[in-house]
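Single-structure report; data block below.
No value in this document is a laboratory result; all are computed from the given coordinates. Nothing here was measured: the structure is a model prediction, and the numbers come from that model. Every residue, glycine as well, gets a Cβ built from its backbone with ideal geometry; the counts of neighbours run over all protein chains shown.
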Amino acid sequence: MIAPSMLSADFAHLADEADVVTGAPGVGADWLHVDVMDAHFVPNLTLGLPVVQSLLAATSVPIDCHLMIEDPDRWAVGYAEAGAHNVTVHVEAARDPVALAANLRAAGARAGLSVKPGTPLEPHLETLRHYDTLLVMSVEPGFGGQSFMPEVLDKVRAVRRMVDTGHLRLLVEIDGGINADTIEAAAEAGVDCFVAGSAVYGADDPARAVRALREQVLTASPHRHWSA
Ligand code: DX5
Ligand code: ZN
């Protein structure tokens, strides 16, 4: 799955920017990744629930909300209630991530848990049993256009093994520095869903960039199957 990150899109034309990458299944964006930042959990400020609500009304592509905010226990469910398909919170910010996952699911969304590059998975394996997606950050969260950190692929490989052996049921997502030079290594490590911001919206033809990234994934991992 390819999830263009709207952080690198034109914020004055979000509906048009969503349209640009919308296409048939297996061709256009599978999810639209929307980065919510509060200038506290990360040193950047983007958009919040009202903008996400407007975007939900303007596109048919499932919305993947990545909440880089403090106190997600309080705020995340609103995004699920609004109709976001997947709502991801940071394990470093959540107070009760198990209860939060249950609340997100009860509100109709998939529950996602994200780990910053320096956050290990081992202390959170039990928590992950309650989640539908794991978002592995491959840059420090906060800004688009940073360089991919290949060392996080050890976490991807570890969680891939746990999923393939039935110890976890999760979709593995990666976010940060994914482009034509890095996506194949991430695919080989076992990523299911690739977030790409500057590599899509920084391209002359974003729809073509999505197709090209997908081609690279299929070449790198021809026998893997996943479902949205
Ligand atoms: C960064 C955000 C990413 C960002 C990725 O904190 O979570 O989703 O848009 O941008 P690129 O793909 O340019 O690294
Ligand atoms: Zn993100």
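A few points about this structure:
- For the range 144-199 and the range 15-80, distance of Cα centres in Å: 20
- The orientation-averaged projected area of the convex hull spanned by the Cα atoms of the range 1-90 comes to 5.5 nm².
- Extent along principal axes [Cα atoms of the range 2-220; Å; largest to smallest]: 42, 38, 31
- Spin-label pair Glu215/Arg169, simplified geometry with 7 Å Cα→Cβ offset, distance in nm: 3.6
- Placed amide H near Leu171: partners under 5 Å, 5+ positions off or other chain: Thr133, Leu134
- Loop-located trypsin sites (Lys or Arg not before Pro) across the range 122-192 with a Cβ neighbour count of 16 or fewer within 10 Å are Arg129, Arg169, with loop assigned by DSSP.
- Ranking of Met1, Met149 by count of other Cβ atoms within 10 Å, fewest first: Met149, Met1
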